[in-house]
Amino acid sequence: MFNKSKSDSSLSEASTAHARESSSDMASASGREPSGRALIGSRTQVTGEILGDENLHIEGTVIGTVTFRHHTVSIGPEGRVEGDVIGHSLSVSGHVEGRLIAAQSVTVHAGASVEGEIHSPGLILKEGAAFQGTVDMNPHNPLLDDIFGNDMVKPRQTSLDNDLSCASAEGEAEQPDEMSLLQGSEKSV
């Protein structure tokens, strides 16, 4: 009554494999495939240490340390972190009280609020962002070396760097004053 021949089981295995492929295709088409990003939702509060090896987006509250050394951590408009945030790059649209430590760059968006320290070789403070604290953009900062080691992104000389040290009419290099460097990183040509 339940006798299956070898060919019946092969057919069954082939159908199962096809069903798996079809459901995988449907998941991709519907956008339900894993995004490689973890999410702390707006109704979630986490206390303690969070470690990960994927990108992280925070819309809820974190009280503690967030460490995603090789990935991006973004804090959404409703997100709040009280503690250190460590990542390859950091993007803040919410509120942070603590240290932001990034191997590549930190971006603080309009409407965001940061109180504490920023340690990163790259920093973008958008107009309308609130920041109170200290900034260390030294790429050779011992703190960055301790956390990221050889994973640190060492700054390359860019055309902007070349433009900032321009030759005067006498042929000597003119160094821009500190205020002009702080007023903006874009240069019109």
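Could you please rank V92, V66, placing first whichever residue has the fewest other Cβ atoms within 10 Å of its Cβ?
With the sparsest Cβ surroundings first, the list reads V66, V92.
Would you tally the net charge around Q45, using a Cβ to Cβ cut-off of less than 11 Å, leaving Q45 out, and scoring K and R as +1, D and E as -1?
Net charge in that neighbourhood comes out at +1.
Using amide H atoms built 1.01 Å from N in the peptide plane, name the residues 5+ places from H57, or on other chains, whose amide H lies under 5 Å from its own.
Under 5 Å from the amide H of H57: A38, L39, I40, S74.
Using modelled backbone amide H atoms (1.01 Å from N, in-plane), which distant-in-sequence or interchain residues come within less than 5 Å of V46's amide H?
Here the answer is T61, V62, I63, since their amide H atoms fall under 5 Å of that of V46.
Count charges around T65 for me, please; just the other residues with Cβ under 9 Å from its Cβ, Lys/Arg as +1, Asp/Glu as -1.
Overall, the nearby charge balance is -2.
Percentage of Cα-Cα pair distances in region 44-140 greater than 20 Å, rounded to whole percent?
23 percent
Laboratory data are not the source of any read-out in this text; all were calculated from the coordinates shown. In this text the structure is predicted, and so the values were computed from the model without any measurement. For neighbour counting, all protein chains shown are included, and Cβ atoms are generated from backbone atoms with ideal geometry for every residue, glycine included.
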